[in-house]
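Novice: First, the structure itself, so that you have it in front of you.
The values are calculated or read from the model by the stated rules, or taken from the named source; none is laboratory data. Here the structure is a predicted model, which means the values were calculated and not measured. Heads up, the Cβs are rebuilt from the backbone with ideal geometry, glycines too, and the neighbour counts pull from every protein chain shown.
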């Protein structure tokens, strides 16, 4: 890449990554409409003519970075790209792009259905895979059991946490961060659970139970991932401003709290990473969707956040192109940013290489307690 | 311009533009105080010594880009610029700057008085001019008629819409987006209209009637422009964050909703353009006021928004310099941004040229249903 | 510095600065833990392993810019830096870094205890020092007196203002800008003062009294500094968005209101500087904490704000490195930004040099009514 040659780009090109927040890739074959829908994150309805997902930063980035992996020239036209991809089964697509990402460990949010499970991801990529449990899924299992809700929740969480490296909450999608996020009283929890059970016990939206889950996640002590910012339009984006978490974080103790995505609040998230010893950030998902602008986002994530508090993630879901693209855009984007710092003599080269390693895998390995260095542990 | 040579800058230098949100230029002669006040957007009071509008990004940009059009060297001093301009009548100024903008179609918001009407703009520029109707002006006409308010509103709207290409709401200036934006019940509308009529029926600020107008605009089906973000201090800028429109947009159907200006919420606006098939954005007005920083703003507008959802506008009002300056800053700013993408091999050159055409005129022509390609249709 | 050679960098390297918002430097010796804590602004608790303040933008900036002042190579390792620094007394550190900042006038907020007073700062730096009075300190003195609170407040303020150049409010830390900021009625003030006195009269948090102080500051007519944005986590950062000051500013008359720091709301602050003839901004504190990213922040502060409304400050507190670092990062950051404008032929070189002088000292000298040009007045 013309704008980031030299030792930093070279190191970043091969640095193994820990993708600390990702989902499975597709397992069944897909048509073009479904593929294009997967390039639009925010719209929950089928994309229309003017959404033209290939005519977007992420669409251009797929053509730039993924086309060569399929043996096409960089920037191949959308139709050419689709024609080539269509000749492969979805499994072949995944087994092509996943290993190419250079990821040693996938930390997988298993809360979304219809995609490859962690074992499959591991097998196809030749990398390790670890699970993150959705607290809202635990809630839905707990209410289905009947009896004491809190006890059921705790039992299920303990069981699943035995093999998981962390938890995740999507309270951002169930009312947002605005409002009370304290730990509710036991009697409130059982009352709310009873009401929810009586109403059918489907999708948990009750604030009391969401707060309960959040604090059970904290108490577990494993890294607690929080969806922040960019996502689909079911969430009120302004209610996912991470600054609304201030009171919650003030009482969050030492459990690592991982602020995911954060766009367009990445500077606010960086502030929190400086303000709280237990807060970490990434700009995953947005890196894929910003394409040629990803380097500027990565640069903004390196303002107030101490460098040991920044992690890499793709938040890929669906087409395995996204598991690969996240890694490529991040490698090139960070190289561009760090080279700029070094060229301006603001940073030493050694520091740049060291920070690249921290964000690529060092910080995630430490915070999630992963062991080993190989790409196949 | 040193920073953007090559084929992109060349194409952008001559690409005909559709200025999809603009006002008239001045018709009578003006003095220097009035001219300087027109360089300050946000202050509603006469500018004071420290506002020094010529010592600002827009002031420097006028000296840089407009001075050569008047036969002066680029960057001519403010006094030199004013002396030269003063020797021309305002008509001469307009007939000099308007054609120089290279605009083929002006889409004119006629809601502000005291400036040239669309016909005059068309005649002086040699371009086509189209009208956008202010929904708040319709409201003020409707209340004056007496009788059933909704019926009067509908009749006036239907009559004026016959020759207009879209509607506009300035609800941002009348309470902002915060709060209920649903369609009110007919009885509420008539009650509110009666109260307003009894109170004198001047400037519409009643929330019920503003909501009514907004939904009548939606129902019409022509592009509905919304003032968002940057404007004067009569608006509460934080209440014009476009994310506060989420609920309104979720129920907005297929009518194109055009988010205007958007600064400093251009990234939030880009999110909405991805989230809703019918949402479009521009960064007009702010481009003029950011001058040397306009390229960075344009770059931020090309993050999440699909490229078919981004339009050009100047939002010029008053001195015809602003009609020209918007075009020049946008041409050079976009060229800088796209050249950067191409130089980094993140975009192909052909894609850059194609996106430039979309934003310059393609998207506006399609969304507003304009026909023809010439600069004189 | 590789990225900003030429006449702008040369001028900026030696331009005398007025640091219009700064605190004292340390007077007693400090250990490494305390030093590292001073590199983290937001965290109010002792920094933990992952906060690693030396592995942050400010940490890298200290190693880059301060190491050479102590005779070490640029980018010296943290341990090497600390070893060298430890051999000096804190007085020696201060007497080394303060004069090196090239500051002619320090405008000192004396509201934080345990650091050098203005006279000491002046003596050690060879520069003039002026005082800014905290309105909340006046409140705490006034309540201790007993009797009529408003009268006591006025008397103390008048006495202290005789030798001070401005006032400051930290209402951002005592509830934020959200809510009523009007001038309270006298009877409300005396009631609130009585309640506060009865409760012990320690730290003022009563909204009525904070509002009273703010309006007394306005009435005094000297520049009124407001803490905005970045600070420690005791403040709710989102409640310090300067747009929440709109109503207050609409009634603020002609007293200069100085919005300090402003990160991450620097673009919103710039808007206010354009919207109100009496509003001024700086991006102090954040410049130090952004290190290699400071130039981008400085660039964003030069969007909507007229250039006569932008000032320099370091907001340094504690280690004298910060008094020096703020100046160095600002000199280099602004040079980078202005050189970029000139290289793109967007600005003339003369204008760049003129704006640099305005922000370096011209604007502060005018607004605070300082006299003289020497570095020792």
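Novice: Test residue B:348 against the stated conditions and say whether it is surrounded by fewer than 21 Cβ atoms within 10 Å (Cβ to Cβ), at pLDDT 95 or above, in contact with a helix residue (DSSP H, G or I) (Cβ under 9 Å, 6 or more places away or on another chain) and in the same structural domain as residue B:115 (by the TED database).
Specialist: In short, yes.
Novice: Right, another one. When the residues of segment A:306-336 are narrowed to those that are buried (at least 24 other Cβ atoms within 10 Å of the Cβ) and within 14 Å of chain C (Cβ to nearest Cβ), which ends up farthest from residue C:331 (Cα to Cα)?
Specialist: A:311
Novice: If you don't mind, another one. More than 14 Å from chain C (Cβ to nearest Cβ), on the phi > 0 side of the Ramachandran plot and either part of a loop (DSSP other than H, G, I, E, B) or in contact (Cβ under 8 Å) with a residue 60 or more places away in the chain (or both): does that describe residue B:217?
Specialist: Considered against the rule, which asks whether it is more than 14 Å from chain C (Cβ to nearest Cβ), on the phi > 0 side of the Ramachandran plot and either part of a loop (DSSP other than H, G, I, E, B) or in contact (Cβ under 8 Å) with a residue 60 or more places away in the chain (or both), residue B:217 comes out as no.
Novice: Here's another thing I want to ask about it. Given the criteria modelled with pLDDT under 95, closer than 25 Å to residue A:237 by Cβ and either surrounded by 18 or more Cβ atoms within 10 Å (Cβ to Cβ) or over 20 Å from the mean Cα position of the chain (by Cα) (or both), does residue A:49 qualify?
Specialist: So residue A:49 fits the description; yes.
Novice: Considering only residues of segment B:191-206 that are assigned to a helix (DSSP H, G or I) and surrounded by fewer than 17 Cβ atoms within 10 Å (Cβ to Cβ), which is nearest to the chain's Cα centre (by Cα)?
Specialist: B:197
Novice: Can you pull out the residues in segment B:169-179 that are surrounded by 15 or more Cβ atoms within 10 Å (Cβ to Cβ), touching a residue at least 60 places away in the same chain (Cβ under 8 Å), at negative phi and touching a helix residue (DSSP H, G or I) at 6+ places or on another chain (Cβ under 8 Å)?
Specialist: Once the filter is applied, which keeps residues that are surrounded by 15 or more Cβ atoms within 10 Å (Cβ to Cβ), touching a residue at least 60 places away in the same chain (Cβ under 8 Å), at negative phi and touching a helix residue (DSSP H, G or I) at 6+ places or on another chain (Cβ under 8 Å), segment B:169-179 yields B:172, B:177.
Novice: While we're looking at this one, here's another question. Consider residue B:323 against the criteria (1) over 30 Å from residue A:237 (Cα atoms); (2) over 15 Å from the mean Cα position of the chain (by Cα): it satisfies all of them except one. Which criterion is unmet?
Specialist: With (1) over 30 Å from residue A:237 (Cα atoms); (2) over 15 Å from the mean Cα position of the chain (by Cα) applied to residue B:323, the lone miss is (2).
Novice: Within segment A:95-108, is even one residue modelled with pLDDT of 95 or more, surrounded by 14 or more Cβ atoms within 10 Å (Cβ to Cβ) and within 14 Å of another protein chain (Cβ to nearest Cβ)?
Specialist: Initially, segment A:95-108 is screened for residues modelled with pLDDT of 95 or more, giving A:95-108.
Next, only the ones that are surrounded by 14 or more Cβ atoms within 10 Å (Cβ to Cβ) stay: A:95-108.
Narrowing the set further to residues that are within 14 Å of another protein chain (Cβ to nearest Cβ) leaves none.
No, the conditions are met nowhere in segment A:95-108.
Novice: Are any residues in segment B:242-277 assigned to a loop (DSSP other than H, G, I, E, B) and either more than 8 Å from chain A (Cβ to nearest Cβ) or buried (at least 22 other Cβ atoms within 10 Å of the Cβ) (or both), and if so, which ones?
Specialist: B:251, B:252, B:253, B:254, B:255, B:256, B:262, B:263, B:264, B:265, B:276
Table: residues versus (1) more than 9 Å from every other protein chain (Cβ to nearest Cβ); (2) buried (at least 17 other Cβ atoms within 10 Å of the Cβ); (3) at pLDDT 95 or above; (4) assigned to a loop (DSSP other than H, G, I, E, B).
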residue	(1), (2), (3), (4)
C:53	no, yes, yes, yes
C:61	no, yes, yes, no
C:66	yes, yes, yes, no
C:72	yes, yes, yes, yes
C:76	yes, yes, yes, yes
C:79	yes, no, yes, no
C:83	yes, no, yes, no
C:88	yes, no, yes, yes
C:91	yes, yes, yes, no
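Novice: I'd like to verify a number: residues in segment B:286-344 that are more than 15 Å from residue B:8 (Cα to Cα) and part of a loop (DSSP other than H, G, I, E, B), how many?
Specialist: 15
Novice: Next up: Does segment A:204-213 contain any residue that is in contact with a strand residue (DSSP E or B) (Cβ under 8 Å, 6 or more places away or on another chain) and either over 30 Å from residue A:286 (Cβ atoms) or within 14 Å of chain B (Cβ to nearest Cβ) (or both)?
Specialist: No, segment A:204-213 contains no residue that is in contact with a strand residue (DSSP E or B) (Cβ under 8 Å, 6 or more places away or on another chain) and either over 30 Å from residue A:286 (Cβ atoms) or within 14 Å of chain B (Cβ to nearest Cβ) (or both).
Novice: Follow-up. For residue A:44, only one of the following conditions fails: (1) in contact (Cβ under 8 Å) with a residue 40 or more places away in the chain; (2) in the same structural domain as residue A:326 (by the TED database); (3) closer than 30 Å to residue A:199 by Cβ. What is its number?
Specialist: Just one mismatch for residue A:44, condition (2).
Novice: Next up: Within the group B:10, B:36, which residue is away from chain C (no Cβ under 14 Å), part of a helix (DSSP H, G or I) and free of Cβ contacts under 8 Å to residues at least 24 places away in the same chain?
Specialist: Result: B:10 is the single residue among B:10, B:36 that is away from chain C (no Cβ under 14 Å), part of a helix (DSSP H, G or I) and free of Cβ contacts under 8 Å to residues at least 24 places away in the same chain.
Residues are listed down the side, and each one gets a yes or a no for (1) out of contact with any strand residue (DSSP E or B) (no Cβ under 8 Å at 6 or more places or on another chain); (2) in contact (Cβ under 8 Å) with a residue 60 or more places away in the chain; (3) surrounded by 15 or more Cβ atoms within 10 Å (Cβ to Cβ); (4) outside the structural domain of residue A:271 (by the TED database):
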position	(1), (2), (3), (4)
A:152	yes, no, yes, no
A:156	yes, no, yes, no
A:159	yes, no, no, no
A:181	yes, yes, yes, no
A:221	yes, no, no, no
A:230	no, yes, yes, no
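Novice: Then there is this: Go over the candidates C:292, C:316, C:335, C:356 one by one and state the one that is touching a residue at least 24 places away in the same chain (Cβ under 8 Å), closer than 21 Å to residue C:258 by Cα and over 15 Å from the mean Cα position of the chain (by Cα).
Specialist: Numbers: C:292 fails: closer than 21 Å to residue C:258 by Cα; C:316 fails: over 15 Å from the mean Cα position of the chain (by Cα); C:335 fails: closer than 21 Å to residue C:258 by Cα.
Answer to the selection: C:356.
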